[in-house]
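The values are calculated or read from the model by the stated rules, or taken from the named source; none is laboratory data. Predicted model, so just to flag it, every value in this text is computed and none were measured. Please note: Cβ atoms are built from the backbone with ideal geometry, for glycine as well, and neighbour counts cover all protein chains shown. Note: accessible area is taken over every heavy atom of the protein model, side chains too, but ligands, DNA and RNA are not part of it. Shrake-Rupley method; radii C 1.70, N 1.55, O 1.52, S 1.80 Å.
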Amino acid sequence: MAQIALRCPFLTRLPAGFARRAGNSLFSYAEGCPVMTQVMQRHASNHHQNVDLAKAMAADSKVEMKCPFLANMEKTKKMNPIVDSDIFCETCNKSVPAQVVNEANKEHCKPATVVEKVDKVTEKQREFESVDGTFNYEVFMKEEIEKKKLNHTYRIFKKVNRRPSSSRLRKSFPSRWPLPGQEISVWCSNDYLGMTRHEKVVKAVQDTAAKHGTGAGGTRNISGNTTYHESLEATVAQLHKKEAGLVFTSCFVANDSTLFTLARALPGCEIYSDAGNHASMIQGIRNSKVPKFIFRHNDTEHLEELLKKSDPLTPKIVAFETVHSMTGDISPLKELCDISHKYGALTFVDEVHAVGLYGHHGAGVGERDGCLEDMDIISGTLGKAFGMMRVLHRWLSQPGGYGEELRRGFIFTTSLPPMVLQGAMTSIGVLAGEEGRKLRSRHQEMVKILRTKLLDAGIPAVNMPSHIIPIHVGDPAACTAAADTLMEKHSIYVQAINAPTVAPGEERLRVAPTPYHTPKMMDKFVAAMVDVWETCDLPLNKQESPSFGQQV
């Protein structure tokens, strides 16, 4: 009977040694196979009639074609069996199970010890072959870096230390400029409201560090969960009028992990992604490997056109941002949510560049536009307007559910220390009150003043409704040169934004004034920009600046 079980076409692809070691346990699997069950039953019947075993096996010669595991698997038939303790016959040029080797063929059959090497080396690999025949990693990496330097996508991080007395001044410690330790003014920080230096926030961090130390002690499920974590999650849930919240260690991890987990958990899920989405969202969508559809940036008609083609029963996620960090535009939030829900989709809304800056309590564009209930999942940050180093992520269900368990980015990383969490709660409290409303109002006023001054001077600032002012350059080399000249000649730091952060041809300087950048400072900044534009031979475009007021 053992020989009959081993006649299974699926088992013949296993090493003979493995099959022998498995022994009688194979019968339990054979009994569950619809094909082999019939084979063994016929064998038992024929055995009582003294029919030769070979004839019984021959009668089932077509069993392989019936195997439910191997049906329609033509490629499987072309593959060599796995070699374990099988015998390789050089004369027959094939593997032979050890149990069928007999006196007649053992002379030319010997244990298989050498597997034929298939040459899969590409021409690209040959280019980096070392003297000893191995791949030369050092040369490869150097060439890749040189390519990035030539197309101006190689990033050099400017070293700046914040001055304790001001949110806008820092000391620079550059590696290429001749004035180490020079005073510079920063015009591109995401510390939009200067909350990193707010006295209440600093004191809260200091007091909590003195009380609980500087670390968390572990992951959230291994000694790293504190009352501070749960209090902050309750605070952000209340801020966004949601049932519960989760705090991640970074916004990239939050977006990546959540989109990946949710898309994989929903059966047959599809994702509809805005073309301008942040890299963290794109990463989560790609990792999920579910069908994805890209709609044009903030284009509600294109989104509806795509959603119409989907089955109503198919789970769908529509992912987009409210404030786009590189263009400075604001999405048509209500329309996007309404269209998504019309076709049975969940909305995943990234408010990273909006929380703290918009709405009566600083909950973001969703609060400002009265759309919090339309936003199913909200991703926000504590690392920008709120002034802390980490990020929060909003979730629409109880945090103890499957989402928390599945998100590796949430579970398998050391949790945030209590001092950071307490600082975040303090910042949220300040910005939710009257002081926060005054800061937001002054912030928008300063943004409007600077944008007007830039446009009046002919600087090609893009007129957008948010607090971000992109200045179009359109060439990577010129963009880098403009940023470097600002630093070298005027001690002004504005970051050049080149590909792949923006598309080639869309290179820009990204300016983000704070409530603490005064009109007098702005006059100096604009004069420096005009000088740099002329030095770098960039076109000035003097025009009458349009009036553009922002809602807070």
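Please work out if LYS384 is within 30 Å of VAL530 (Cβ to Cβ) and at pLDDT below 95. Yes; evaluated as a whole, the condition is true for this residue.
For LEU262, are the conditions met, namely being in contact with a helix residue (DSSP H, G or I) (Cβ under 9 Å, 6 or more places away or on another chain) and either within 30 Å of GLY474 (Cβ to Cβ) or not in a helix (DSSP H, G or I) (or both)? In short, no. Scanning region 127-155 for residues that are outside any helix (DSSP H, G or I), among the hydrophobic types (A, V, I, L, M, F, W, C) and surrounded by 11 or more Cβ atoms within 10 Å (Cβ to Cβ) yields PHE128, PHE135. In region 445-460, the residue that is most open to solvent (accessible area, probe 1.4 Å) out of those that are farther than 26 Å from GLY276 by Cα and either among the aromatic types (Phe, Trp, Tyr) or not in a helix (DSSP H, G or I) (or both) is ALA457. Against the numbered list (1) more than 28 Å from ARG368 (Cα to Cα); (2) exposed (fewer than 14 other Cβ atoms within 10 Å of the Cβ), GLU243 comes up short only at (1). With respect to ALA457, determine if the residue is under 14 Å from CYS536 (Cβ atoms) and of a type in the set (Gly, Ala, Ser). Spelling it out, it is not the case that ALA457 is under 14 Å from CYS536 (Cβ atoms) and of a type in the set (Gly, Ala, Ser).
Selection over region 207-234 of residues that are open to solvent by less than 30 Å² (accessible area, probe 1.4 Å) and in a helix (DSSP H, G or I) gives a count of 5. Does ARG508 qualify as being surrounded by 21 or more Cβ atoms within 10 Å (Cβ to Cβ), over 27 Å from LYS147 (Cα atoms) and out of contact with any helix residue (DSSP H, G or I) (no Cβ under 6 Å at 6 or more places or on another chain)? No, not satisfied.
Counting the residues of region 452-491 that are over 19 Å from ALA527 (Cα atoms) and aliphatic (A, V, I, L, M) gives 3. As a summary of the residue check, GLY423 satisfies the conditions (1) open to solvent by less than 10 Å² (accessible area, probe 1.4 Å); (2) in contact with a Lys or Arg (Cβ under 7 Å, 6 or more places away or on another chain); (3) modelled with pLDDT of 85 or more except for the one numbered (2). Being of a type outside the set (Lys, Arg), in contact with a Lys or Arg (Cβ under 9 Å, 6 or more places away or on another chain) and at pLDDT below 95 is the requirement here; does ALA216 meet it? So ALA216 does not fit the description; no.
Results for (1) of a type in the set (Ser, Thr, Tyr); (2) surrounded by 20 or more Cβ atoms within 10 Å (Cβ to Cβ), shown as yes or no for each residue.
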site	(1), (2)
PRO418	no, yes
ILE428	no, yes
HIS443	no, yes
VAL462	no, no
ASP475	no, no
TYR493	yes, no
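Go through region 273-318 and count every residue that is within 14 Å of ALA263 (Cβ to Cβ) and hydrophobic (A, V, I, L, M, F, W, C). Going through region 273-318 one residue at a time, the tally reaches 7. The residues in region 329-348 that are charged (D, E, K, R), out of contact with any His (no Cβ under 9 Å at 6 or more places or on another chain) and touching a residue at least 40 places away in the same chain (Cβ under 8 Å) can be counted, and the count is 1. Apart from one condition, VAL352 fits all of (1) free of Cβ contacts under 8 Å to residues at least 60 places away in the same chain; (2) within 24 Å of TYR192 (Cβ to Cβ); (3) among the β-branched types (Val, Ile, Thr); the exception is (1). May I ask you to verify whether SER231 is under 23 Å from the mean Cα position of the chain (by Cα), among the hydroxyl-bearing types (Ser, Thr, Tyr) and closer than 28 Å to ASP369 by Cα? Considered against the rule, which asks whether it is under 23 Å from the mean Cα position of the chain (by Cα), among the hydroxyl-bearing types (Ser, Thr, Tyr) and closer than 28 Å to ASP369 by Cα, SER231 comes out as no.
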